[in-house]
Amino acid sequence: MRNEHPISKHHISNRARIEQARYDQTSDDDWSIELSEAGRIVHGMTRRKFLGTTIAGSATVLAGTVFQKLASAVTSSATPTTFQMGGDLSVNRLGFGAMRLTGQGIWGWPPDRENAKTVLRRAVDLGVNLIDTADAYGPETDELLIAEALHPYPKGLVIATKGGITRPGPGQWVPNGRPEYLSQCVDKSLKRLKLERIDVYQLHTVDRKVPIEESVGALKAAQEAGKIRHVGLSNVTTQEIDRAKKILPIVSVQNRYNITDRESENVLNYCEKEKMGFLPWAPVGGSGRSSLTKGGNPLEDEAKRHNVSAVQLALAWLLQKSPVILPIPGTSSLQHLEENMAAAKLQLTPDDWKRIAA
């Protein structure tokens with residue numbers, strides 16, 4: 001099965017189209033996952049504590065219902081819940097993507113700014129210690145919102161941001177991998193996020209007008225200056241990862257990947273072999289015909305058998321697919337946030353895997 005607007009990064013000349021597809025596949029609903037670490041604090045939660053966690057007001061009953069449903073589907077498993085990014089940053093594998101906390105077209109401030117900040121704080125309360133963002137989201141407003149909601153940051157919270165794409169207007173994504181531009185991007189992200197050092201800075205895409213060696217060379221200079229702790233890549237091939245690694249260590253890759261679209265399977269295998277984090281974007285099929293957020297999707301029957309949603313099943317599948325996969329559910333809805341995070345409690349048996357594969 002394919003998404004309504006499939007994308008092949010091997011046959012695309014302008015990487016801006018990849019980022020446009022990231023938006024296109026997530027613009028219709030808040031269930032989308034977006035695609036993209038200080039110290040060793042891990043917000044570990046016992047099953048009792050997790051199931052007992054609720055949000056204030058009318059959402060309390062809803063949250064309890066979500067967790068109770070997931071509790072009935074839990075089986076024991078050795079699936080790791082944390083990942084060591086770069087060898088020194090321990091993150092909970094189910095994180096949060098902040099792209100959806102912007103205005104329509106991933107442009108401007110969200111219509112309900114206070115709600116967006118509440119979602120960010122609630123994500124941290126639920127154990128998220130990896131938040132993915134980018135200077136292109138808004139542009140700039142996403143990073144500003146994170147700082148507004150969470151600074152001073154809790155110990156152990158990792159904010160991974162990205163640079164290398166410009167935004168001429170809503171829905172427009174234009175690569176810019178020039179070293180001088182990326183150097184400015186790093187400095188501006190530091191200021192907006194109110195950080196002295198960015199734990200994970202990702203090259204948002206490869207600019208076909210600039211050799212990747214030159215782009216990551218600018219990030220290496222920023223790293224040597226103490227502005228960046230670790231460097232990641234986004235929307236890349238294994239060959240491009242190899243080229244970048246000759247310049248500096250790469251700790252993570254963010255590519256499109258989900259249960260119905262595994263074009264980046266070779267990149268995932270590469271990351272697994274090299275113990276690099278893999279952050280999938282469009283992990284529940286986006287908003288096309290293959291979207292797992294809509295009725296009649298291929299996981300619907302199996303999800304009902306577990307008494308969960310297809311989205312939760314898809315997230316659980318990603319978590320158990322590989323120990324290096326770091327799903328980053330993104331939403332502006334507290335309800336969907338609760339449901340996404342509860343998916344971490346669902347464990348799939350070998351028989352479950354056979355049914356899903358069928």
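Each residue of the range 273-281 was assigned a 3J(HN,Hα) from its phi angle through the Karplus expression (A = 6.51, B = -1.76, C = 1.60, θ = phi - 60°), giving 5, 8, 6, 9, x, 10, 9, x, 10 Hz with x at Gly and Pro. With a simple spin-label model that places each label point 7 Å from the Cα along the Cα-to-Cβ direction, the separation between residue 214 and residue 184 comes to 1.6 nm. Per residue, the range 202-304 exposes an accessible area of 37 Å² to a 1.4 Å probe, with every protein chain left in place. Can you work out the FRET efficiency for the pair residue 307 and residue 125, with r the C-beta to C-beta distance and R0 = 25 Å, to the nearest 0.05? For residue 307 and residue 125, the calculated efficiency is 0.50. Within the range 119-243, DSSP assigns beta bridges of which about 15% are antiparallel (rounded to the nearest 5). Between residue 225 and residue 300, the simple label model (points 7 Å from Cα in the Cβ direction) yields a spacing of 5.3 nm. If a/c stays under 1.5 just call it rounded; otherwise compare a/b with b/c (prolate if a/b is bigger, oblate if not). Do that for the range 291-358, with a ≥ b ≥ c from the square roots of the Cα gyration tensor eigenvalues. Cα axes put the range 291-358 in the oblate bin. Given the pairs 245/273; 162/321; 245/275; 275/354; 191/245; 162/345, which span a C-alpha to C-alpha distance of over 19 angstrom in this model? Too far apart for the 19 Å limit: 162/321; 275/354; 191/245; 162/345.
Accessible surface ranking for 109, 281, 1.4 angstrom probe, highest first: 109, 281. Note on residue 294: lysines with a C-alpha under 22 Å away, same-chain residues under 8 apart excluded, are 69, 304.
The values are calculated or read from the model by the stated rules, or taken from the named source; none is laboratory data. Since we're looking at a predicted model, the values are computed, not measured. Cβ sites come from the backbone with ideal geometry, for glycine too, and all protein chains shown count toward neighbours. For the accessible areas, the whole protein counts, side chains as well, though only heavy atoms, and no ligand, DNA or RNA atoms are used. Shrake-Rupley method; radii C 1.70, N 1.55, O 1.52, S 1.80 Å.
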